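K.L.:
First the structure, then my questions, so here it is.
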Amino acid sequence: MDSILRDKSYIFAISIVKLAQFLQKEQKEFVISNQILKSGTSTGALIREAEQSQADYINKFYISLKEANETNY
């Protein structure tokens with residue numbers, strides 16, 4: 001089953017990993033890069049979890065949105 005949201009969150013996670021690598025290697029910034037890595041990659045994981053569980057569907061998407069907002073901040 002194709003999912004635009006799943007695909008976009010995967011592409012976003014790849015971008016986040018590259019950003020974290022840049023921050024760590026080039027800027028020697030570890031605290032912020034680790035937090036961005038955690039919140040930015042968990043978004044996609046939560047979306048996939050939501051797709052697997054009808055009971056937790058809305059809750060997982062809500063948590064995913066919170067993680068995306070944290071990454072944006």
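The values are calculated or read from the model by the stated rules, or taken from the named source; none is laboratory data. This is a predicted model, so every value here is computed, not measured. FYI the Cβ positions are ideal-geometry reconstructions off the backbone, even for glycines, and counts take in every protein chain you see. Surface accessibility is based on the protein's heavy atoms, side chains included, excluding ligands, DNA and RNA. Shrake-Rupley method; radii C 1.70, N 1.55, O 1.52, S 1.80 Å.
K.L.:
State all residues of the stretch 15-32 that are part of a helix (DSSP H, G or I) and surrounded by 12 or more Cβ atoms within 10 Å (Cβ to Cβ); if no residue qualifies, say none.
P.N.:
Ile16, Val17, Leu19, Ala20, Gln21, Phe22, Leu23, Gln24, Ile32
K.L.:
Continuing with this model, one more query. Please go through the stretch 42-55 and pick out each residue that is in contact with a helix residue (DSSP H, G or I) (Cβ under 6 Å, 6 or more places away or on another chain), open to solvent by less than 50 Å² (accessible area, probe 1.4 Å) and without any contact (Cβ under 8 Å) to a residue 40 or more places away in the chain.
P.N.:
Ser42, Thr43, Gly44, Leu46, Ala50
K.L.:
Regarding the stretch 2-12, can at least one residue be identified that is in a helix (DSSP H, G or I), over 17 Å from Ala68 (Cβ atoms) and of a type in the set (D, E, K, R)?
P.N.:
No, because not a single residue in the stretch 2-12 is in a helix (DSSP H, G or I), over 17 Å from Ala68 (Cβ atoms) and of a type in the set (D, E, K, R).
K.L.:
Let me ask you something else. Just to be sure before I move on: is Gln35 in a helix (DSSP H, G or I) and loosely packed, with under 15 Cβ neighbours inside 10 Å in the structure I sent?
P.N.:
Judged against the criteria, Gln35 is a match.
K.L.:
Can you list residue pairs whose Cβ atoms sit under 7 Å apart, with the first residue in the stretch 23-41 being without any contact (Cβ under 8 Å) to a residue 12 or more places away in the chain and the second being open to solvent by 70 Å² or more (accessible area, probe 1.4 Å) and aromatic (Phe, Trp, Tyr)? Count only pairs 6 or more apart in sequence or on different chains.
P.N.:
Sorted first by the residue in the stretch 23-41, then by its partner, the pairs are Gln24/Phe30.
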